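Written below as structure tokens is the structure these notes are about.
The values are calculated or read from the model by the stated rules, or taken from the named source; none is laboratory data. The model shown is predicted, which means the values in this text are computed figures rather than measured ones. FYI the Cβ positions are ideal-geometry reconstructions off the backbone, even for glycines, and counts take in every protein chain you see.
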Amino acid sequence: MMSSFWVIVACIGLALITLITRAFFMIPERELPLPDWLKRGLKYAPLAALAAVIAPEIVMSNGQLINSLADARLPALAASVVYFFLQAQHSWHHCSGHGDLSASAYRSGLVAPRPEKTGAACSCFHMGCL
């Protein structure tokens with residue numbers, strides 16, 4: 001059993017390590033140069049972390065892979081994937097340069113205007129466009 005002194009030392013040490021690693025990018029006065037391949041890779045870090053947390057919850061039960069459709073998670077996953085791709089296809093079709101759709105959606109009050117987008121860019125948030 002650790003004494004309370006070592007528990008406090010461990011907590012302070014962990015707090016310092018966390019502070020230093022999180023503040024590492026904020027300490028310099030100018031932006032640190034990162035290679036383009038690293039910048040591109042870091043864009044996927046949040047998605048990878050989310051997938052790493054959610055995927056085991058979906059495909060495992062009690063530490064074992066789910067191997068039957070009796071567990072509702074696998075059919076729900078399949079239905080969600082199909083819905084996602086159908087919705088993404090629908091969004092791309094409607095938002096791939098049809099300015100009249102964006103304008104009519106704005107006039108009807110379905111979406112808010114997006115001043116940073118110009119021309120025929122899509123402004124239909126409800127369809128999942130970026």
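Of the residues that sit in the range 46-73 and are charged (D, E, K, R) and surrounded by 10 or more Cβ atoms within 10 Å (Cβ to Cβ), which one is nearest to the chain's Cα centre (by Cα)? Ranking the candidates gives Arg73 first. Flag: Cys95 matches the condition of being modelled with pLDDT under 90, over 19 Å from the mean Cα position of the chain (by Cα), hydrophobic (A, V, I, L, M, F, W, C) and surrounded by 10 or more Cβ atoms within 10 Å (Cβ to Cβ). Evaluated against (1) under 24 Å from the mean Cα position of the chain (by Cα); (2) modelled with pLDDT under 75; (3) assigned to a helix (DSSP H, G or I), Ala76 falls short on exactly one condition, (2). For the range 1-58, a tally of residues being among the aromatic types (Phe, Trp, Tyr) and closer than 30 Å to Ala72 by Cβ returns 1.
In the range 1-12, is there at least one residue being in contact with an Asp or Glu (Cβ under 9 Å, 6 or more places away or on another chain) and among the polar types (S, T, N, Q)? For the range 1-12, residues in contact with an Asp or Glu (Cβ under 9 Å, 6 or more places away or on another chain) and among the polar types (S, T, N, Q): absent.
The residues of the range 79-92 that are touching a residue at least 24 places away in the same chain (Cβ under 8 Å) and under 17 Å from the mean Cα position of the chain (by Cα) amount to a single one, Ala88. Among the residues of the range 1-58, those identified as of a type in the set (Ser, Thr, Tyr) and modelled with pLDDT under 90 are Ser3, Thr21.
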